[in-house]
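S.K.: The structure follows.
The values are calculated or read from the model by the stated rules, or taken from the named source; none is laboratory data. Only a predicted model underlies this, so the values are computations on that prediction, with no experimental measurement involved. For neighbour counting, all protein chains shown are included, and Cβ atoms are generated from backbone atoms with ideal geometry for every residue, glycine included. All accessible areas refer to the heavy atoms of the entire protein, side chains included, with ligands and DNA or RNA removed. Shrake-Rupley method; radii C 1.70, N 1.55, O 1.52, S 1.80 Å.
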Amino acid sequence: MEKILVGLKRVVDYNVRVQVKRDGSGVETDGVKMSINPFDEIALEEALRIRERGEASEVIVVSIGSAESQQQLRTGLAMGADRAILVETDTSTDPLTAARIFKTIIDRENAELVILGKQAIDDDNSQTGQMLAAIWGRPQATFASEVSFDGNTARVTREVDIGLETIEIDLPAVITVDLRLNEPRYVKLPDIMKAKKKPLDQLSFAELGVEPAPGIKELAFEPPEARQRGIMVEDVAGLVAALKDKGLV
Amino acid sequence: MSKVLVIAEHNGTALNQSTAKCVACAKQIEGAEVDVAVFAASASSIAAEAAEISGVDRVLVLEREENDPAIAAVLAPQIAALASGYSHVFGPSTAFGKDVMPRVAALLGVNQISDIMRVEGTYRFRRPIYAGNAILTVEAPAEATVVATVRTASYQAADGGNTAAIENVSADAELPTHTRFVGVQTGQSDRPDLQTAAKVVSGGRALGSADNFGLIYKLADKLGAAIGSSRAAVDAGYVPPETQVGQTGQIIAPDLYIAIGISGAIQHITGIKDAGTIVAINKDEEAPIFEVSDIGLVGDLFNIVPELTDALN
Ligand SMILES: Cc1cc2nc3c(=O)[nH]c(=O)nc-3n(C[C@H](O)[C@H](O)[C@H](O)COP(=O)(O)OP(=O)(O)OC[C@H]3O[C@@H](n4cnc5c(N)ncnc54)[C@H](O)[C@@H]3O)c2cc1C
Ligand SMILES: Nc1ncnc2c1ncn2[C@@H]1O[C@H](COP(=O)(O)O)[C@@H](O)[C@H]1O
């Protein structure tokens with residue numbers, strides 16, 4: 001295949017303990033470490049391996065977000081992507097709108113494969129890939145833990161609740177990746193220098209002709225109900241007694 | 001008035017408990033009429049089970065060879081066709097529901113509400129974001145179909161005892177052939193199912209090997225418990241992926257959860273927040289798992305677990 005598109009979303013780093021703002025208007029992101037959504041790094045790694053095996057010729061990373069998302073795109077270029085596209089917007093993007101954006105880029109680039117994360121760890125929506133496949137009228141292989149190609153078909157193993165399911169899909173298609181698909185490579189310093197010279201195009205919603213989808217209103221953010229810290233027991237006898245007390249054994 | 005269509009999850013012969021949980025959630029919408037749709041090749045036993053769920057008005061049966069095994073791209077156009085006439089379409093927030101429901105939403109031109117944990121109104125729901133570190137109240141536009149997944153750990157399955165009407169219906173949709181089922185590999189076990197078990201014993205990286213996980217199996221068998229694990233244990237190959245509990249694994253709500261040699265990373269905790277009693281066994285008294293556990297025991301699991309298994313005789 002010619003081109004693979006990979007989505008890179010800029011999200012709060014997974015190590016950060018996210019705090020809800022006092023006024024309930026959102027979560028605290030000031031001064032918080034931001035990173036590539038961890039699933040998207042895995043998506044990119046897979047795309048790079050497909051290209052390195054000679055099964056694709058170009059990997060394009062795409063981010064929809066603020067100008068700062070350039071940082072994540074540059075990291076993606078340093079990992080080995082050939083080109084980057086930033087679709088700039090100051091508001092957060094819902095999955096259907098993101099899917100519509102990806103669809104316009106597929107059409108412009110004639111991409112045959114789109115690899116996305118199975119979910120973005122900020123909104124935990126897990127929708128974009130499936131929606132893109134729907135509006136594109138193409139197959140989706142979600143939660144992938146193994147991917148291989150045979151001509152115009154892909155064989156994908158998916159992590160489902162009862163184990164591992166394998167499906168076969170015709171290209172073009174959308175794949176969303178799970179954690180165990182691969183381990184993303186580390187970026188080396190010379191690669192960061194080289195990445196500065198790689199092309200990073202900026203596009204707007206208007207240029208792509210995409211109208212934001214009817215949104216779901218976000219009314220209020222609250223911290224979760226905290227579980228209370230319980231008791232500590234000294235030994236196994238104490239544990240068994242405490243369990244008996246609760247009628248659990 | 002609200003009319004909710006619940007998409008049944010099943011394995012081709014039996015209904016999954018997630019369906020009765022979706023019905024329980026749907027029933028929280030004031031005055032809602034709830035229908036369950038069963039897409040299958042041969043639906044009679046599944047439909048009969050669905051008809052027993054209390055609160056269900058009708059069970060709609062769509063029998064078609066192509067519906068077994070379930071493939072999202074095949075089901076979605078049929079569900080979308082059936083959705084007209086309904087104000088809401090709900091599916092479970094399981095691997096099945098997460099795969100198919102967003103595809104339905106996109107066909108209907110709406111965003112999906114993922115992981116409903118509480119119904120606040122006909123169009124207003126609460127859902128967790130940031131791995132459960134924040135709870136967001138959302139409102140869907142009243143003029144469009146609400147497509148949503150239900151966070152199954154937040155709901156008790158609706159009771160049985162009902163005798164809802166079962167009707168055969170058809171959905172006018174063209175089905176794609178671009179996606180084909182090849183097979184499924186499942187860690188065959190006669191142990192209780194992780195999603196529905198009342199008790200779960202879970203092991204982490206500290207177990208150190210697949211062999212050592214035998215300690216966890218022995219304790220679980222003693223308790224009649226299902227097996228769980230942390231991501232680190234799965235990544236290391238000690239246990240199969242379907243045992244993983246957490247943000248990207250299974251979200252569960254057993255009466256008893258025993259975490260053994262698991263540090264309690266936020267991504268793990270988010271999968272067990274709704275458990276009745278959490279027990280933690282860890283050699284590090286500072287381990288974050290103790291912050292959320294009801295009963296904690298500091299010590300070496302390789303001593304404690306065999307001793308506990310014996311003590312439960
Ligand atoms: C995007 C993303 C999603 C993730 N999703 C999940 C998920 O769904 N589920 C999940 O579990 N993780 C998930 N993780 C990984 C998570 O961040 C942690 O890395 C993981 O949970 C750690 O597993 P662990 O507790 O087994 O290992 P560790 O963190 O290494 O903890 C091992 C614990 O064992 C204790 N220990 C060691 N030896 C002994 C002994 N002899 N006796 C008693 N205690 C001992 C140690 O004190 C330590 O607390 C995710 C991470 C990311 C980035
Ligand atoms: N704003 C965005 N920019 C780039 N990729 C995105 C964006 N939103 C979603 N995606 C992709 O879609 C995946 C699933 O996101 P979500 O549906 O929001 O959970 C992510 O892992 C990304 O690969």
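S.K.: With labels modelled as points extended 7 Å from the Cα through the Cβ direction, what inter-label distance (nm, one decimal) is found for B:A198 paired with A:E146?
M.R.: Rounded to a tenth, the inter-label distance reads 3.8 nm.
S.K.: With each run of n ≥ 4 DSSP H residues scored as -39500 (n - 2.57), what mean residue ellipticity at 222 nm is computed for chain B after dividing by its residue count and rounding to the nearest 500 deg cm²/dmol?
M.R.: -6500 deg cm²/dmol
S.K.: From Cα pairs below 8 angstrom and at least 6 apart in sequence, can you work out the relative contact order of the range A:3-245, rounded to a whole percent?
M.R.: The value is 23 percent.
S.K.: I need the shape label for the range B:199-311. Rule: rounded when a/c is under 1.5, else prolate if a/b > b/c, else oblate, with a, b, c from the alpha carbon gyration tensor.
M.R.: rounded
S.K.: Quick one: accessible surface of A:T89, probe radius 1.4 Å, all protein chains present, in square angstrom to the nearest 10.
M.R.: For A:T89, solvent-accessible area is about 20 Å².
S.K.: Looking at the calculated P(r) for chain A, what percent of the C-alpha pair distances fall above 24 Å?
M.R.: That tail contains 51 percent of the Cα-Cα pairs.
S.K.: So, one more: Restricting to bridges with both residues inside the range B:3-168, how much of the DSSP beta-bridge set is antiparallel, in percent to the nearest 5?
M.R.: Percent antiparallel among DSSP bridges in the range B:3-168 is about 25.
S.K.: On to the next question. Would you mind checking the range B:140-176 for residues with the amide N under 20 Å from a putative spin-label position 7 Å along Cα→C-beta of B:S44?
M.R.: Inside the label zone: B:163-170.
S.K.: Output the antiparallel fraction of DSSP beta bridges having both residues in chain A, as a percent to the nearest 5.
M.R.: Once the DSSP bridges in chain A are tallied, antiparallel ones form about 40 percent.
S.K.: Now for a different question. Just the accessible area per residue of the range B:3-168, please: how many Å² with a 1.4 Å probe?
M.R.: With the other protein chains kept in place, the range B:3-168 gives 32 Å² per residue.
S.K.: With a 1.4 Å probe and all protein chains in place, put B:K98, A:K33 in order of accessible area, largest first.
M.R.: A:K33, B:K98
S.K.: Using a 1.4 Å probe, what is the accessible area per residue for the range A:3-245, in Å²?
M.R.: That works out to 45 Å² per residue.
S.K.: Next question, about the same structure. Going by a 1.4 Å probe on protein heavy atoms, which residues of the range A:1-26 end up with at least 50 Å² less accessible surface in the whole assembly than in their chain alone?
M.R.: A:R17, A:V18
S.K.: Which order do you get for B:S202, B:S45, A:S145 if you rank them by accessible area with a 1.4 Å probe, largest at the top?
M.R.: B:S45, A:S145, B:S202
S.K.: Probe 1.4 Å, all protein chains in place: accessible area of A:K9 in Å², nearest 10?
M.R.: Only protein atoms counted, so the area is about 60 Å².
S.K.: Once neighbouring chains are kept in place and the probe is 1.4 Å, which whole percent of the accessible area of the range B:199-311 is contributed by carbon and sulfur?
M.R.: Carbon with sulfur: 46 percent of the solvent-accessible area.
S.K.: Counting protein heavy atoms only and a 1.4 angstrom probe, how many square angstrom of accessible surface do chains B and A bury in total, to the nearest 100?
M.R.: Chains B and A together bury approximately 7000 Å².
S.K.: Find the centroid of the Cα atoms in the range B:254-289 and in the range B:1-33, then give the distance between the two in whole Å.
M.R.: 30 Å
S.K.: Can you pull the Kirkwood radius for the protein assembly as shown, inverse mean 1/r over Cα pairs, to one decimal in Å?
M.R.: Computed over the protein assembly as shown, the radius equals 24.3 Å.
S.K.: In chain A, once you exclude exposed GluC sites (Glu not before Pro) (DSSP loop, at most 16 other Cβ within 10 angstrom), what's the longest stretch remaining?
M.R.: Answer - A:56-224.
S.K.: Could you rank B:Y257, B:Y130, B:Y123 by how accessible they are, 1.4 Å probe, largest area first?
M.R.: If we order B:Y257, B:Y130, B:Y123 from most to least accessible, we get B:Y123, B:Y130, B:Y257.
S.K.: Can you pull out the GluC sites (Glu not before Pro) in the range B:1-41 whose DSSP state is coil and whose Cβ has at most 11 other Cβ atoms within 10 Å?
M.R.: Those that pass, being in a loop and sparsely packed, are B:E30.
S.K.: Once you have the alpha carbon radius of gyration of the range B:91-170, what is it after dividing by 2.2 N^0.38 Å, with N set to its residue count?
M.R.: 1.23
S.K.: Report which residues of the range B:161-187 become buried by 40 Å² or more of accessible surface when going from the isolated chain to the complete set of protein chains (1.4 Å probe; DNA, RNA and ligands ignored).
M.R.: For the range B:161-187, once contacts with the other chains are taken into account, B:H178, B:T179, B:R180, B:V182, B:V184, B:Q185 lose 40 Å² or more.
S.K.: Same structure, new question: What is the distance, in nm, between label points placed 7 Å from the Cα along the Cα-to-Cβ direction at B:S2 and at A:E55?
M.R.: With each label point 7 Å from Cα toward Cβ, the separation is 4.5 nm.
S.K.: Which of the residues in the range A:84-116 show a loss of at least 40 Å² in accessible area from their chain by itself to the complete set of protein chains, at a probe of 1.4 Å?
M.R.: By number: A:L96.
S.K.: How many angstrom separate the Cα center of the range A:1-78 from the Cα center of the range A:128-206?
M.R.: 13 Å
S.K.: Considering only DSSP beta bridges whose two residues both sit in chain B, what percent are antiparallel, to the nearest 5?
M.R.: Around 15 percent of the beta bridges assigned by DSSP in chain B are antiparallel ones.
S.K.: What is the range A:117-172's relative contact order, in percent, from Cα pairs under 8 angstrom and six or more apart in sequence?
M.R.: Reported as a whole number, the value is 25 percent.
S.K.: With a sphere of radius 14 Å drawn around the Cβ of A:K194, what net charge do the other residues whose Cβ falls strictly inside it have (Lys, Arg +1; Asp, Glu -1)?
M.R.: +4
S.K.: Quick one: net charge around B:V239, please, counting Lys, Arg +1 and Asp, Glu -1 for every other residue with C-beta under 12 Å from its C-beta.
M.R.: Combined, the nearby Lys, Arg, Asp and Glu give 0.
S.K.: Right, here's the next one. Output the relative contact order of chain B, whole-number percent, from Cα pairs under 8 angstrom with separation of 6+ residues.
M.R.: 14 percent
S.K.: For chain B, find the longest principal axis of its Cα atoms and tell me its angle to the long axis of helix B:95-108, 0 to 90°, nearest 10.
M.R.: Value to nearest ten degrees: 30.
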